[in-house]
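**Student:** Starting off with a structure, shown below.
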Amino acid sequence: MIKKSHKCCSILCMASIFFYILISASLCFGASEAKGIEFDKDDGEYSIEVELEGGSGKASVTSPTLITVKNKAATARIQWSSSNYDYMIVDGEKYLPVNEDGGNSVFEIPILAVDEAMPVIADTVAMGAPREIQYTLTFYSASIGSKSQMPQEAAKRVVAVALVIIIGGGILNYFVNKRNRC
């Protein structure tokens, strides 16, 4: 009788250990990570139109936004219209802001859906106490384009052209004045 009881405890103990190892392994190897959809794009950076819905309607996100495709998975760089967002939750996974400059809150999150609403939660401290607000983000696949199509990239090109014109004008002015003195 004692041997049967001891055998049951031993089996129970082994089953518990196996279950513990199974859970630990799944956590260690990323089973809890949010998985994005597969993108048929080469690795690189692209722009995509994104639409935000939900909350009070006062918040917005920058669109188009930057996406990074790596190994057929895409992450989006979401920039909020406020610096008061301290984390986002996507598919149960918590994401912290990636910006350190003190500007508007910026997050890098996986894209889990395209051309349909993707639910997200964003925590804001704008109303005093922290509040989790439910939103949806819709990424439009027809708008995927080159990173250079983003307004920020166009602004960089305008500044570069302006610098060339100013420097070129200064050099031209120098030679015209030098010629007129002779």
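**Student:** Report the net charge of residues surrounding F139, where surrounding means a beta-carbon distance below 10 angstrom and charges are Lys +1, Arg +1, Asp -1, Glu -1. Spell out each step's value before the answer.
**Tutor:** Details: positive: none; negative: E49, E51, D115, E116.
Once positives and negatives cancel, what remains is -4.
**Student:** Also: May I ask you to evaluate 6.51 cos²θ - 1.76 cosθ + 1.60, the Karplus curve with θ = phi - 60°, for each residue of the range 89-99 and list the ³J(HN,Hα) values in order in whole Hz, giving x for glycine and proline?
**Tutor:** For the range 89-99, the Karplus curve yields 10, 10, 6, x, 9, 8, 10, 9, x, 9, 8 Hz.
**Student:** Between I121 and F175, what is the label-to-label distance in nm when each label sits 7 Å out along the Cα-to-Cβ direction?
**Tutor:** In this crude spin-label approximation the distance works out to 6.6 nm.
**Student:** Now a separate question. From the backbone phi of the range 126-138, what are the Karplus-calculated ³J(HN,Hα) couplings (6.51 cos²θ - 1.76 cosθ + 1.60, θ = phi - 60°) in whole Hz, Gly and Pro given as x?
**Tutor:** Per residue, the Karplus-derived 3J(HN,Hα) values read 5, 9, x, 7, x, 9, 8, 10, 8, 10, 10, 10, 10 Hz.
**Student:** Contour minus end-to-end for I133 and V164, with contour as 0.36 nm per residue of separation and end-to-end as the Cα-Cα distance? Numbers along the way, then the final one.
**Tutor:** Numbers: separation 31, 0.36 × 31 = 11.16 nm, distance 4.63 nm.
Result: 6.5 nm gained on full extension.
**Student:** Tally up the carbon and sulfur contribution to the accessible surface of the range 36-80 as a whole percent, 1.4 Å probe, everything protein left in place. Walk me through the numbers on the way to the answer.
**Tutor:** Working: 980 of 2470 Å².
Accessible surface attributable to carbon and sulfur in the range 36-80 totals 40 percent.
**Student:** While we're looking at this one, here's another question. Looking only at the range 89-116, which residues have a backbone nitrogen under 13 Å from a spot 7 Å from the Cα of A142 in the C-beta direction?
**Tutor:** 115-116
**Student:** Okay, next question. By a straight-distance test (C-alpha under 17 Å), which aspartates and glutamates pair with K70 as possible cross-link partners, with residues fewer than eight away in the same chain excluded?
**Tutor:** List returned: E33, E38, D40, D42, D43, E45, E108.
The values are calculated or read from the model by the stated rules, or taken from the named source; none is laboratory data. These figures come from a predicted structure and were not determined experimentally. Glycine gets a Cβ as well: all are built from the backbone with ideal geometry, and neighbour counts include every protein chain shown. Accessible surface is based on the protein model in full, side chains and every heavy atom, while ligands, DNA and RNA are left aside. Shrake-Rupley method; radii C 1.70, N 1.55, O 1.52, S 1.80 Å.
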